[in-house]
Amino acid sequence: MGILEKITQPQDLKNLSYEEIEILAQELREKIIDVVSSNGGHLAPNLGVVELTLALHRIFDSPLDKIIWDVGHQCYVHKLLTGRQKEFETLRLFQGLSGFPKRSESPHDCFETGHSSTSISAAVGFAKARDLQGEENDVIAVIGDGAMSGGMAFEALNHAGHSTTKLIVILNDNDMAIAENVGAMSSYLNRLRTDPRYDRSKDEIESILKKIPGIGTRMVKMAERAKDGLKYLLVPGMLFEEFGFTYLGPINGHDQRALEEVLEQAKQVKEPVLVHVLTQKGKGYLPAEKNPARFHGVGPFNKETGEITKKPAPPTYTQVFGETLCQLAEKDPRIVAITAAMPSGTGLNLFAEKFPKRFFDVGIAEQHAVTFAAGLAFGGVKPVVSIYSTFYQRAYDQVLHDVCLSNANVILAIDRAGVVGDDGPTHHGVFDISFFRIIPNLTFMAPKDENELRHMLYTALKLEGPVAFRYPRSVGQGVELEEELQELPIGKAEVLREGKDLTIIGVGPMVYTCLGAADELQQRGVEATVINLRFINPLDRETILRYARVSKRVITVEDHMLAGGMGSAIIEVLADEGLDDVIVERIGYEDYVDQGAISILHHGYGISVNGILKAAERLKVLQRIEGKNSV
Ligand SMILES: Cc1ncc(C[n+]2csc(CCOP(=O)(O)OP(=O)(O)O)c2C)c(N)n1
């Protein structure tokens, strides 16, 4: 029996020797590599925090002390140490253990995350609640250097430093977001990590400065007048000190003793303290150490070789988007592209390679990305922003207020629209139709396949005013990609087949599911119309009404929430027209959607041929035809 199997709760770690902890760290890495190589998951971030997580659970007392994981993708070690070893094999699978902290799973998961840069805000909340109730527990936020680039992290530092409540922020600095970290904050941290001046004593620095003729002596005097003398100029972490935090570090995040010592020190500080920990992403698994970005979030792979299992498949929507944008950008030098820390996830890495000057990675800063695009547009260029549906939730006001109100020529590509699979409810893109379709001025489309996506991008670049289009995470339909791009008629749906008995309206690739169902229904004698909605805004009211008036029965299918979704939009059209003899069955989601393979989720929620057939049964379509025939 290994040491890991004997750990049923963090308390079991406290009496282990450093030798035993070293063996345990190895066992944890093996377990994580084993399960992630078969289930997929966030490998590199977790391998980097093995020692840090062990130290946290040895020095603090979770769940009394609150450990809050930013983004939460690095919580696997924490899960393994807090009584979830048996379930770990089910990580990210349907009805299995979540890949992110989940309150319903364990009292040790005190705050749910998935979206970045929230941990310090939550920690300030926990700390204030503790103070108000006269309690004494510790509150610890663990935030990566990538997540630190998000605006919310600064809002929280600003509040925490000012409020002087006892709080520990661990900055887990591995010099990477998913890709290389970007921005001035990242450069600053890099300086803290590498600048040899920081290792020098105050006297040494003073003597070096004094040697600079004229300037040196003046600088020393200035510095001495300032807060802490020379420290003010040259000691690491002064930025955080200025925010009201005591800065400890930088500390080697793979040195168990050093980590535990610094956490003991942090525990003694009665005010906000920031511990700067340097870790290596992918630590202990060579393929991940060599290519941490590829192993950040990874599908199944061969753990002996590190080879990623890939089946030949049609290109993904993301790839087609990235390639088409490059093709168009060759011809139009005004096109620029923006990502918020997801260059390869959004397919913009290709654009970055080809047009480095026209490519902007702004860090984990979706709000800034969108308003920055508005500025670019008014400045005369053509910005294309690509953000995942779930992360646009962050930038709603910026889309509504900064882009759409003043009709800025900004193109919003909404990647990962619909359910995304194993990452689960924090990452599913199932709200964007509801929150974007109501924004005036915004032309909002959804392609049924990757070929139509190309035409939509082309159309968007021709249009005046803001345009959005949503497409899913998956591979495309495998359709032919037409070389010649066309402008789609704005606000016009595409009628793919006609039938008098039923109208099925699909949005995005769901249209193919609708066509499959129409084939099945035809076998049973039901003639169905299938409409590819194409435009969520403006809606093709005329086409919708024309077919609904005839069939009187409508089914809407969307990979999205029902509330406020596409089906709701159709009902609004029918109600506005007073068509109260038309009955509508809507297919979509009613609640937060669990994790699981996309196909399992679609089938489970009736977003399938079978689901449409069942909806047709509920509408009694067959009985109606038989009734009509017998009359
Ligand atoms: C608001 C938001 N935008 C984008 C992401 C996607 N994302 C997940 S992890 C990550 C990088 C995080 O980097 P860092 O905080 O340094 O953690 P590391 O993985 O390096 O440990 C990004 C961009 C997210 N989770 N939330």
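Just so you know, all these numbers are worked out from the coordinates, no wet-lab data involved. For clarity, every value in this text was computed on a predicted model and none was experimentally measured. Quick reminder, even Gly has a Cβ in these numbers, built from the backbone with ideal geometry, and neighbours come from all protein chains shown.
Numbers below:
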| item | result |
| --- | --- |
| Net dipole in debye of the range 321-470 [+1 Lys, Arg Cβ; -1 Asp, Glu Cβ; about Cα centre; nearest 20] | 380 |
| Cα-based reach from K102 at 17 Å (exclusive), listing aspartates and glutamates while leaving out same-chain residues under 8 positions away | D65, D70, E87, E89, E112, D422, D423, D591, D594 |
| D (Stokes-Einstein, µm²/s), Kirkwood Cα radius, the range 494-630, 0.890 mPa s at 25 °C | 165 |
| Those aspartates and glutamates that a straight Cα-Cα span of less than 17 Å connects to K354, excepting residues fewer than 8 apart in one chain | E323, E330, D332 |
| Kirkwood Rh, angstrom, the range 397-509 [1 / mean 1/r, Cα pairs] | 15.4 |
| Proxy reagent accessibility, fewest Cβ within 10 Å first, across H108, H401 | H401, H108 |
| Range of Cα positions in the range 321-470 per principal axis (Å), largest first | 38, 32, 30 |
| The range 99-174: trypsin sites (Lys or Arg not before Pro) falling in loop per DSSP and having at most 15 other Cβ within 10 Å | R103 |
| Whole-Hz ³J(HN,Hα) from phi, Karplus 6.51 cos²θ - 1.76 cosθ + 1.60, for the range 25-30, glycine and proline x | 4, 5, 4, 4, 4, 4 |
| Surface/4 estimate of mean projected area, convex hull on alpha-carbon atoms of the range 1-118, nm² | 6.9 |
| Distance histogram for the chain (every C-alpha pair counted, 20 angstrom bins, percent rounded to whole numbers) | 18, 45, 29, 7, 1, 0 |
| Sorted largest first, extent of the range 4-290 alpha carbons per principal axis (Å) | 68, 47, 36 |
| Relative contact order (%) - the chain, alpha-carbon pairs under 8 angstrom, separation at least six | 11 |
| Furthest towards positive pole of dipole, C75, F94, G114, structure part the range 4-290, Cβ charges | G114 |
| Residue exposure sequence - T118, T543 - by fewest surrounding Cβ within 10 Å | T543, T118 |
| Contact order relative to length of the range 321-470, as percent, for alpha carbon pairs under 8 angstrom and 6 or more apart | 22 |
| GluC sites (Glu not before Pro) restricted to DSSP loop in the range 528-618 with at most 11 other C-beta within 10 Å | E590 |
| ³J(HN,Hα) computed for each position of the range 591-606 - Karplus, 6.51 cos²θ - 1.76 cosθ + 1.60, integer Hz, glycine/proline x | 8, 3, 9, 5, 7, x, 4, 4, 5, 5, 5, 4, 5, x, 9, x |
| Order of S117, S17, S62, S568 under a 10 Å beta carbon neighbour criterion, fewest first | S17, S568, S62, S117 |
| Dipole magnitude of the range 494-630 about its Cα centre (Cβ charges: Lys, Arg +1; Asp, Glu -1), debye to nearest 20 | 440 |
| Under the Karplus curve 6.51 cos²θ - 1.76 cosθ + 1.60, θ = phi - 60°, whole-Hz ³J(HN,Hα) for the range 137-147, x wherever Gly or Pro sits | 5, 8, 10, 10, 9, 10, 10, x, 5, x, 4 |
| Extent along principal axes [Cα atoms of the range 470-520; Å; largest to smallest] | 36, 26, 20 |
| Relative contact order, percent, the range 4-290 [alpha-carbon distance under 8 Å, six or more residues apart] | 20 |
| Within the chain, helix-based [θ] at 222 nm, where runs of 4 or more DSSP H residues each add -39,500 (n - 2.57), nearest 500 | -11500 deg cm²/dmol |
| Dipole magnitude of the chain, debye to nearest 20 (Cβ charges: Lys/Arg +1, Asp/Glu -1, about Cα centre) | 780 |
